[in-house]
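The values are calculated or read from the model by the stated rules, or taken from the named source; none is laboratory data. A quick note: this is a predicted structure, and the numbers were derived from the prediction, not measured. In this analysis, Cβ positions are derived from the backbone assuming ideal geometry, glycine residues included, and neighbour counts consider all displayed protein chains.
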Ligand SMILES: C[S@@+](CC[C@H](N)C(=O)[O-])C[C@H]1O[C@@H](n2cnc3c(N)ncnc32)[C@H](O)[C@@H]1O
């Protein structure tokens, strides 16, 4: 990753003025466990246009939200302002980012897969902190994007990646979540 990746994502974001509704999976996981995951300090990795970071801010989390794309973050800042929510948006390449250790109560990762980053995300959580992670499964390439296996989870892979955490909820399969349906794996896990 690096300059090419930044350019590619800036072009994608500039061309696509997508939906700013938060992830259904995130909404459901938090709504059904509000008592377990009270507002605190949160990190949204690869925030894109900030839909999930802004949602967390509306639920009283103090949110840092990182993305490589300046174009995406510009829109994210506008949306946050329009919705009256404060989010600390940070432009950085997560491949080289130095995440603060033991700092967050909640880390979220949506529609993004950098296997090398997962150990850093785990370290960034406080003991007892939670992670909500959802991204595409290998089956997705049969019906849409992404197609590159580097960005697709194998069956049970997300579960295996969090074996050292307490997995509180896991699902994989094809889910509509308000759209046409996509193959995804999703997990809620706690750092022990
Ligand atoms: C499919 S979008 C997902 C955005 C957001 N998580 C969501 O679900 O709406 C993937 C995001 O990853 C970002 N990204 C890709 N490579 C990155 C990197 N190396 N460092 C930081 N962000 C990166 C892109 O700019 C893009 O916004």
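Overview of values
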| quantity | calculated |
| --- | --- |
| Count of residues meeting criterion [within 15 Å of the ligand (Cβ to nearest atom) and either surrounded by 15 or more Cβ atoms within 10 Å (Cβ to Cβ) or not in a helix (DSSP H, G or I) (or both)] in region 89-138 | 32 |
| Residue within region 174-192 that is more than 24 Å from residue 56 (Cβ to Cβ) and at pLDDT 95 or above present | yes |
| From 80, 72, residue being within 9 Å of the ligand (Cβ to nearest atom) and either part of a helix (DSSP H, G or I) or on the phi < 0 side of the Ramachandran plot (or both) | 72 |
| Members of region 47-63 that are within 22 Å of residue 8 (Cα to Cα) and in a loop (DSSP other than H, G, I, E, B) | 47, 48, 49, 50 |
| Positions within region 47-69 being within 17 Å of residue 27 (Cβ to Cβ) and away from the ligand (no atom under 14 Å from the Cβ), in sequence order | 57, 58, 59, 60, 61 |
| Single match in 5, 19, 44 (criterion: at pLDDT 95 or above and either in a helix (DSSP H, G or I) or within 12 Å of the ligand (Cβ to nearest atom) (or both)) | 44 |
| Filtered residue count, region 26-54, keeping only those that are more than 11 Å from the chain's Cα centre (by Cα) and within 20 Å of residue 16 (Cα to Cα) | 2 |
